[in-house]
Amino acid sequence: MNNELVSAAVDNSSVESIEVSSEEIVSSEEVVSSEEVYASVEVSTEAPDDSVMDGVKILGKGMGALFVAMILIMLTTMIMNSFKSKKKD
Amino acid sequence: MEFFSFLWQGFGEISWQHLVMYLIGAALIYVAIKKEYEPALLLPMGFGAILVNLPLTSAVTQTLSNGEEVTGIIEWLFNVGINASEALPVLLFIGIGAMIDFGPLLSKPILFLFGAAAQLGIFIALIASLLIYPEWGLNEAASVGIIGAADGPTAILVSHQLLEHGSPLIGAIAVAAYSYMALVPIVQPMAIKLITTKKERAITMKYEASSVSKTTRILFPILTTIIVGFIAPSSVSLVGFLMFGNLIRECGVLQTMSETAQNALTNLITLLLGITISFSMRAEEFVTIETLIVMVIGLAAFVFDTFGGILLAKFMNLFAKEKMNPMIGAAGISAFPMASRVAQKMAQEENPGTIIIMHAAGANVAGQIASAIAGGLIIQLVRSIG
């Protein structure tokens, strides 16, 4: 298959243009891949800080929600206890 | 001699990691029997650690030379009891709920707050995991942090939900959670002495035993489940089963069922849970630097739990007419009843007449509820952020 393509290219006397275009494709791919590497490097250097910030967010939200839940249960218990006290009075 | 060569096949498969696991297994069995530290769990885990690390063991699934797969019993138990549904840790909560008397907590509702404060270690350990070992993502860090719940079933359930199937961290987390629960009498006194004075530890607290009505005892588990369901839906399986067990206990018409839940059910599940979790203790995955880091951060989680409870008690003392012994805050962790016993023992050491056991027990059972809620919250928050 490849041989057929090469021979077709030779027949059409366009060998140079084929060589040039193939080089361009290769070089552009290299540029893209190096950008990707750069991008991934940037992400990986930022990632720890981001996740630590996420950890701090979870600390705030988690402890907050936990206290809200426990306070609500506490108040409910107090209300139930007060009914009992009133009954006694 | 070659005729019997199959006899030596197993020896050829042994690596140094296997030997380390045999030592760990033996150490767990030793502390379970000799020191009586959480024997119901550490003994099955220790034996299981040896079982799954025998060369070519049939306890875990093996692929034979002809390509045939032979299912191992421990791997099957893990897949069915934990991986498929988390049934084992969740069902254990029925038994725990049936065993707990919430009376001391219901008669002093302010003690609920110590249960919440003493979960601080979970979140501090999560952040510490991210700082110390940046290779871990939020899921791994949260799974390590949950050791601070001081509750084995919660630690297993949360780590299993957040980590990949069969992750070696699950085994390390379970070992750390149960080991430190067993070591509460050693870990907590050191942490308590770091941030309390002798005078504070000697504070005596009055306890006026007020009876709790049967209606309150019955309504409490139902209303708590509903409240938690609205605030932290992911906690419902844990808190719901804990409260279901407690309702069976308190309703007064299911005495036999309550006794079964407290004894037969709890023993059966604990026995299976210990040996099942040992599936995550296979040498090639367990003997790593990550396991060591889990153990270190797990210890820090227990210390910060203790700090959280004590600091809240100290803060409340700034406004209270009658000062509280800050050690009741330390008893707010879930490890029941060790944490409350530690607080009482230390108070008596400072002043032989000091009695804080009822307050400490109240805070301790509040910790049971709070740790189950915290487990669900962690899953919920990590999924929403991650």
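Assorted remarks:
- Of all residues in the range B:48-75, those satisfying the criterion of being in contact (Cβ under 8 Å) with a residue 24 or more places away in the chain and crowded, with 18+ Cβ neighbours inside 10 Å are B:G48, B:A49, B:I50, B:L51, B:V52, B:N53, B:V60, B:I74, B:E75.
- For the range B:205-227, the set of residues classified as more than 9 Å from chain A (Cβ to nearest Cβ) and either modelled with pLDDT of 90 or more or within 22 Å of B:M243 (Cα to Cα) (or both) consists of B:K214, B:R217, B:I218, B:P221, B:I222, B:T225, B:I226, listed by residue number.
- Candidates B:E164, B:E208, B:E250, B:E200, filtered to the one that is of a type in the set (D, E, K, R) and within 22 Å of B:V294 (Cβ to Cβ): B:E164
- In the range B:149-167, the residues that are assigned to a loop (DSSP other than H, G, I, E, B) and either farther than 22 Å from B:R282 by Cα or among the polar types (S, T, N, Q) (or both): B:A150, B:D151, B:S167
- Of all positions in the range B:317-326, at least one carries a residue that is surrounded by fewer than 24 Cβ atoms within 10 Å (Cβ to Cβ), touching a His at 6+ places or on another chain (Cβ under 9 Å) and touching a residue at least 60 places away in the same chain (Cβ under 8 Å).
- Identity of the residue in the range B:79-124, within 14 Å of another protein chain (Cβ to nearest Cβ) and among the small types (G, A, S), that ends up surrounded by the most Cβ atoms within 10 Å (Cβ to Cβ): B:A118
- Verdict on B:H160 being more than 14 Å from chain A (Cβ to nearest Cβ), surrounded by fewer than 22 Cβ atoms within 10 Å (Cβ to Cβ) and in contact (Cβ under 8 Å) with a residue 24 or more places away in the chain: no
- Extreme residue, nearest to B:P104 (Cα to Cα), among residues of the range B:200-225 that are surrounded by fewer than 14 Cβ atoms within 10 Å (Cβ to Cβ) and without any contact (Cβ under 8 Å) to a residue 24 or more places away in the chain: B:E208
- Taking the conditions (1) assigned to a helix (DSSP H, G or I); (2) within 21 Å of the chain's Cα centre (by Cα); (3) free of Cβ contacts under 8 Å to residues at least 40 places away in the same chain in turn, B:E36 satisfies each one other than (1).
- For the range B:353-370, the condition holds for at least one residue, the condition being that it is surrounded by fewer than 24 Cβ atoms within 10 Å (Cβ to Cβ), modelled with pLDDT of 90 or more and either more than 12 Å from chain A (Cβ to nearest Cβ) or within 24 Å of B:I186 (Cβ to Cβ) (or both).
- Among the residues listed as B:F78, B:F47, the single one being modelled with pLDDT of 90 or more and of a type in the set (F, W, Y): B:F47
The values are calculated or read from the model by the stated rules, or taken from the named source; none is laboratory data. Everything quoted here is computed from the prediction, not taken from an experiment. Virtual Cβ from ideal backbone geometry, glycine too; neighbours counted across all protein chains shown.
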